[in-house]
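A short reminder: the numbers here are calculations on the coordinates, not readings from a lab. Model, not experiment: these values are computed from the prediction. Virtual Cβ from ideal backbone geometry, glycine too; neighbours counted across all protein chains shown.
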Amino acid sequence: MSVVTDAVEAYRKQFGSEPQGLWAAPGRVNLIGEHTDYNDGFVLPFALPQHTVAAVSPAPAGEWTVCSTFTDEAVSFGLTRPGEVTGWAAYVAGVVWALAEDGHEVPGARIALASEVPLGSGLSSSAALESAVLTALIDLGRLDVPLERRPSIAQRAENVYVGAPTGIMDQSASIRCQEGKALFLDCRSFEVDQIPFDLAAEGLAILVINSNAPHQHVDGEYGARRKSCEEAAAILGVPALRDISVADLDTALSRLDDEVMRRRVRHIVTEDQRVLDTVALLREGRVREIGPVLTAGHASMRDDFEITVAQVDVAVEAAIAAGALGARMTGGGFGGCVLALIEAGRADVTTGAVEAAYAERGFQAPTCWTVTAGPGATAITA
Ligand code: GLA
């Protein structure tokens, strides 16, 4: 893995010695279950084969220095309060802060980071960074932090320290995913079920299509969606939209005056059901049948939750027209990536079809590659 070499080189260049250990954490693709996490609902992500790698050695207590291949500048800090460290290093300072807040004696460390998770593409590059650093610090300090507790710590770094109001999915995926499995996560209880997800055995593949669309208004729109869901839950008198079932949906919608809010609720309630349906199909080995469920999820994000942009809609349409069994945007929205469920061997044809559709509309070219479900965050050797 060249990203490993990159992290080691960055470490040597900054600190003039060899790192004591290496940790890797993946980005993720979400198969289905979008914006359901902060509604206490269900998600089904799997880990990407792309990682962020941290090359790390111990440092004196209370001292952290972090450098990366993304910038020339190294950042040093002690124990800080949220907001004191800004920019990319805030994700690292945030993890240190959140671990300390959780009652742990966080070991001082020198950290060099490199990543092959595309930044800002909705593939959770920030969660991969947080999870690599968190796992490294836990191992280095021999801290007693059970696996199921770790995503909440990384999420607090992002919510409170960095200030992004995201849910629990991305950090859970980066930390708890297993190779060859999709992670069925209940975002209320944090219970997981590892669902076998071996597409090659079925003659299928997942193609990731990075729309390369510029992300716009992401933070504001994400926060607005979250607020709308929370307001709807309050009006409906439930702790979260997870508590509305598809059978209750019409009654719930009839109690909401606002048309936009009704659509937001319809997306969340039907999306939770799509996760359950997808899990049921995968468990029964009816993998091909998840295609239409994925595509229905896209329509719901486009029409009801209104988080797609032209580039992702065109990618979905072009992939399906080229024979994909299903396709949908993955991640928070407003740009980012599409995943398409395709017959193995159809990656080039599908990629060509999406490229042609983009060229016709004058969009910047997409980037496409096939992925399999990889392992979660772990110590590695060079
Ligand atoms: C982003 C957030 C997640 C989740 C997704 C949408 O990736 O970080 O918590 O809400 O958007 O499903």
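Some observations on this one:
- Residue 81-residue 235 pseudo-label distance in nm [points 7 Å out on the Cα-to-Cβ vector]: 3.8
- Ranked 36, 295, 86, criterion: other C-beta atoms within 10 Å, fewest first: 86, 295, 36
- The angle separating the long axis of helix 125-140 from the principal Cα axis of greatest extent in the chain is about 40 degrees.
- Nearest 10 degrees, 0 to 90: helix 2-15 Cα axis against the chain principal axis: 30
- On Cα atoms only, tilt of 290-303 relative to the major axis of the chain in degrees: 90
- Between region 327-382 and region 1-77, the Cα center-to-center distance that results, in Å: 22
- P(r), alpha carbons of region 118-275 - 10 Å bins starting at zero, rounded %: 9, 29, 35, 23, 4, 0
- Taken along its principal axes, the alpha carbon cloud of the chain reaches lengths of 59, 49, 40 Å, longest axis first.
- The modelled label-to-label distance for the pair residue 372/residue 149, using points 7 Å beyond Cα in the direction of Cβ, is 3.5 nm.
- Compared with the direct C-alpha span, the chain from residue 259 to residue 381 gains 38.5 nm at full extension, assuming 0.36 nm per residue.
- Stretched out straight at 0.36 nm per residue, the stretch from residue 61 to residue 360 would grow longer than its current Cα-Cα span by 101.9 nm.
- On a per residue basis, the convex hull of the C-alpha atoms belonging to region 183-311 measures out at 131 Å³.
- FRET efficiency for the residue 73 to residue 200 pair, using the beta carbon distance and R₀ = 51 Å, is estimated at 0.75.
- Packing, as the average of other Cβ atoms within 10 Å across residues, places the peptides 366-379, 168-181, 334-347 in the order 168-181, 334-347, 366-379, highest first.
- log10 of Debye I(q)/I(0), alpha-carbon scatterers only, for region 218-263 at 0.14, 0.15, 0.33 Å⁻¹: -0.32, -0.37, -1.29
- At an R0 of 30 angstrom, the distance between the Cβ atoms of residue 250 and residue 306 translates into a FRET efficiency of 0.90.
- Ordering of 182-191, 231-240 by burial proxy (mean other Cβ atoms within 10 Å per residue, highest first): 182-191, 231-240
- Order of 358, 11 - criterion: other Cβ atoms within 10 Å of each residue's Cβ, fewest first: 358, 11
- DSSP assigns beta bridges within the chain; of those with both partners inside it, close to 90 percent run antiparallel.
- Per-residue ellipticity at 222 nm computed for the chain from its helices equals -12500 deg cm²/dmol, with DSSP H segments shorter than 4 residues left out and the rest contributing -39,500 (n - 2.57).
- Kirkwood hydrodynamic radius of region 1-102, Cα pairs, Å: 15.7
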